[in-house]
Amino acid sequence: MSFSLAYQSLVLLVLCALGWGIDLWVFNKAHVPAPTILKLSNRSKNRTGSHHGSVLKLSLLFLFAVLLLCYIDSFVQNLNSKNYFQTFSFVLIFVLILFPFSKLFGGLRLSLLRTVFRVLNFFSTDQTELSDIVFTDVLTSCSKTFADISVVFCSLSSVITTTSKRDLHFDDVLGLTSPDSNVFDIGVCNSPLFNPLITSIPYSLRLYQCIRDYYQSDPDSLARKRHIANAVKYLSSFPVIFLSAFQKKYMSYRSKDIGTQFDEVWFLRLLFFLWFLSAFFSSLYSFYWDIAFDWDLGNFRTWNLTDIVYAILTPDFEYQDLETGSSLFSTNKSSSVSILDVPHSSSLYTGPPLLRSTLVYKKPIYYYLAMCLDLLLRATWTIKLSSHIEIDSIPYSGFILNLLEIIRRSVWILFRVEKEHAQNLSQQ
């Protein structure tokens, strides 16, 4: 059975939903009121009153449908017929999602569509709900899958093109024109900007949410500084995506020997150096944010990892030793903001290193394993975001890397919602 890019993309989207269902099941077993924390609609429950049951059943049903379509597609030999059948498969899946009746878990599908509408509502002035944050972060984990789907649609609707050999100019590298198209002056699907633009859409949505929350926050609050620091995390993904795309397109031009204007080793090395710095910063900063802010971990005896961001973004920030009360460093001699004002820094921490006082999952090893897994898979996801890196020696390497990111995101959700529940327990 052939496993084409079209069906790989559909399977990955279904596995995202399946991972969400497994998360809800874990929350139910751990007595974490995720539906209450995320404000999930009661209409998404099944007959037994559980949210995870509906999500798991619907995900498995769609997974079976996609695999069945993939199996049937393997018997189609004619190329045009195969293209038509794959188009039919996409249309069928999306029609089932948009099915306007109560059958087939209508309440759950309606909740999904409402969430999509809220995320795409650029006229909203409200603070972003946690459920919308989680959903948009899941979209960032599916960003390469969306780019693959766009490639599939381009191939299904492609026109026959020929390659004309001519000198390569800088507007070709930027994708303003395409030397591979003799039909359009601007080859949209052939442009090196096309794939990175699709990939960056989920990151743009999340960046917009951070900026909107920044303007909705109190100007003097630490939350406002946190939102702008969070925006930097999503902004750091754009250089990784676009620099990688330019490297891939430039190397393809060199391999085709199209012109000599940009056939310089220094130019390729410059692109690689800039990409490497961007990828290194984005991976480490995203990992740091996961641990320090999203999971509220990283506690030491007298300070927390979040204090680093507050010290950088607060001009009059003062760090004090909580044991002695003496000032360790200050960014302003007339400091008015102390580390004592920062959340979870008002008392000495005496729990396990890098964790926190209130743990919903009782075994600390779960948190340490999650941190190690997050660091490892953050690096692999950076490789996947970089389109110029191809691992041809491993069959379905792109599918595997996307699957690993889905696993990482599912683990991230487990501890992101757990953090909210732990904070509620601490306040009680």
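Listed by first and then second residue, the pairs linking a residue in the range 60-82 that is under 17 Å from Q8 (Cα atoms) to a residue that is loosely packed, with under 12 Cβ neighbours inside 10 Å, with Cβ atoms under 8 Å apart and 6 or more places separating them unless they lie on different chains, are C70/M1; C70/S2; Y71/M1; D73/S2; S74/M1; S74/S2.
The number of residues in the range 181-216 being surrounded by fewer than 18 Cβ atoms within 10 Å (Cβ to Cβ), β-branched (V, I, T) and at pLDDT below 95 comes to 3.
Tally the residues that are under 15 Å from D294 (Cβ atoms) and surrounded by fewer than 18 Cβ atoms within 10 Å (Cβ to Cβ), restricting the search to the range 217-238. Reasoning before the result, please.
At the first step, the residues of the range 217-238 found to be under 15 Å from D294 (Cβ atoms) are 223, 226-227, 229-234.
With the extra rule that they be surrounded by fewer than 18 Cβ atoms within 10 Å (Cβ to Cβ), the set shrinks to 223, 232.
Residues that pass the stated criteria total 2.
One line per residue, one yes/no per condition, for (1) closer than 18 Å to V119 by Cβ; (2) in contact (Cβ under 8 Å) with a residue 40 or more places away in the chain:
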residue	(1), (2)
L193	no, yes
Y203	yes, yes
R206	yes, yes
Q209	yes, yes
Q216	yes, yes
L222	no, yes
R226	no, yes
L235	no, no
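The criterion of at least 1 residues that are touching a Phe, Trp or Tyr at 6+ places or on another chain (Cβ under 7 Å) and crowded, with 18+ Cβ neighbours inside 10 Å is met by the following helices (runs of 4 or more DSSP H) wholly inside the range 64-155: 106-119, 130-141.
Being outside any helix (DSSP H, G or I), modelled with pLDDT under 90, more than 18 Å from F27 (Cα to Cα) and more than 21 Å from the chain's Cα centre (by Cα) is the requirement here; does I389 meet it? Criteria not met by I389.
The values are calculated or read from the model by the stated rules, or taken from the named source; none is laboratory data. What you are looking at is a predicted structure, and each value in this text was computed from that prediction instead of being measured. No Cβ is skipped: glycine too gets one built from the backbone with ideal geometry, and neighbour counts run over all protein chains shown.
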